[in-house]
Each structure stands twice: as C-alpha cells, then as structure tokens.
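As structure tokens, the structure follows; a few thoughts come after it.
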Amino acid sequence: MGGHAFEGCIGLTNITIPDLVTEIGSRTFEGCTSLTSFVIPISVKEIGEYAFSGCKGLTSIVIPESVTVIGGFAFSGCTGLTSIVIPDSVTKIGYYAFSGCTGLTSIVIPDSVTKIGYNAFRDCTGLTTIVIPNSVLEIGDCSFYDCRCLKSVSILGPVEKLENNVLGSCTSLETVTFGAGIKLIGDFVFSNCKGLKVINVPAKKGDYYKSRLPEELHRLIVELPAQKKTNSRT
C-alpha cells in the first residue's frame, strides 16, 4: 500500500485492507482523524513511518504477528489509543513510534524486540509502568522522556547502552529495577526524576552500577537478594 494513499482523509471512519498487502507505506493514513479502529491483515510485514500519525480518533488497533518492524512516528500523536499489544514477531520499535500517545496506559513489549528507537514513547503521559525484556539490547535517547505518570521501570536485559535522557523528566518515577549488567549508561538518564526512591540491582552488582551512575544516585542503589538455585528431582 503506497505512501500518502489516504493521508488527510478526515472523513474516513473505517477501511478493510486485503490480505495481499505486505506493507503499509509511509504516511498512508496520516491525519485520518476520524478513523476509530483498524485491523492490519496478517500479510503485512512492515508498518512504515508516520503510517497512522495523528489519527487521534484511533482507539484500538490489532498488529498481527507477521509484522517485524514498526517504523518511526508510526503511531505518534494517536492520543485516543489506550492500549496496544506488540506481537512477538516485532524486532524493532522505530523512533517516535508511539510518541505523544497520551491516552496509552499500558504497553507490552515482547521478547522479540532488540531495539527501542529514540523518543519511541516520549510524552506518553498516561503510562504508569514499563517492563523491558532481556531481549532488548539498545534503548535510544529520550525513549520514555516526559512520561510523567510512570512510577516503575524494569530493564531486565544486558543492554549494550542506555542512551541519554531515556527516563528524563519522568517526575513520578519511584522505582527502577536493573537486571543483567548494562554496559554503558548515558548522560542524564534520570534527569529531573524528582520522585526516584530506589534503584534495584542484582546481588553483588552494587559497585558495578555505582561505577556507571552519577554519585548522587549511589544512595538509592539497593542490591536484591540472590536467587536460590533449586534442584528438581523426579
């Protein structure tokens, strides 16, 4: 489906896409403010940049397991979206993909995702909690910037780099939990996180994270108890 195909069709309320379509091109439905729901056929492999950007009336969308890439700005400014489930097939969430989705209260990031692009969830002011699975290796600049209702974040995997300002201005953030060692933590990751109370880290990893976080955050670091190994018997 070619780019700009239905861009700015403000009277469009619903549409059926045939199963032959393999890609929703850039800006295909951008600015279709009356579009309230959309079912993406299982033939689609990629959602292009700005594909649904500014579709303020969109309240729900079903992304099939055929999709592997959600492009930059794909759902940016979809203020009516309250929840969305990303299928296990997606490996990359593009830059600004869900930025400004102020009605979004929850998001499930599957174990298939390896990269979250910069500003991907910026200004998603309704989000309250985020769990980033251990498959994610890269979290871009300002990915969750100004998610001001976000209270807890868990980053479970061995992220290569936690980029600058990832959680900047998340003023309600209280608890952060790190899993496996994050190799490099960028500048101002927790800038203006005035409510931050605790940074949970794995057992015996306190010094590891102190070497990667600013000194003023060291007092917040708490080592979690080591997990006991259990032997199963038949």
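Observations on the structure shown:
- Any hit, segment 15-24, residues being under 26 Å from residue 123 (Cα atoms) and either touching a residue at least 24 places away in the same chain (Cβ under 8 Å) or within 20 Å of the chain's Cα centre (by Cα) (or both): yes
- Restricting 168, 181, 186 to those that are modelled with pLDDT of 95 or more and more than 22 Å from residue 86 (Cα to Cα) reduces the list to 168.
- Matching residues, segment 201-218, being in contact with an Asp or Glu (Cβ under 8 Å, 6 or more places away or on another chain) and on the phi < 0 side of the Ramachandran plot: 201, 202, 203, 205, 206
- Scanning segment 130-144 for residues that are hydroxyl-bearing (Ser, Thr, Tyr) and over 11 Å from the mean Cα position of the chain (by Cα) yields one hit, 135.
- Qualifying residue in segment 154-161 (condition: without any contact (Cβ under 8 Å) to a residue 24 or more places away in the chain and under 20 Å from the mean Cα position of the chain (by Cα)): no
- Some residue of segment 66-78 being at positive phi, in contact (Cβ under 8 Å) with a residue 24 or more places away in the chain and under 15 Å from the mean Cα position of the chain (by Cα): yes
The values are calculated or read from the model by the stated rules, or taken from the named source; none is laboratory data. Just so we're clear, the structure is a prediction, and the values are computed from it rather than from any experiment. All Cβ positions, even for glycine, are placed from backbone atoms using ideal geometry, and neighbour counts span all protein chains on display.
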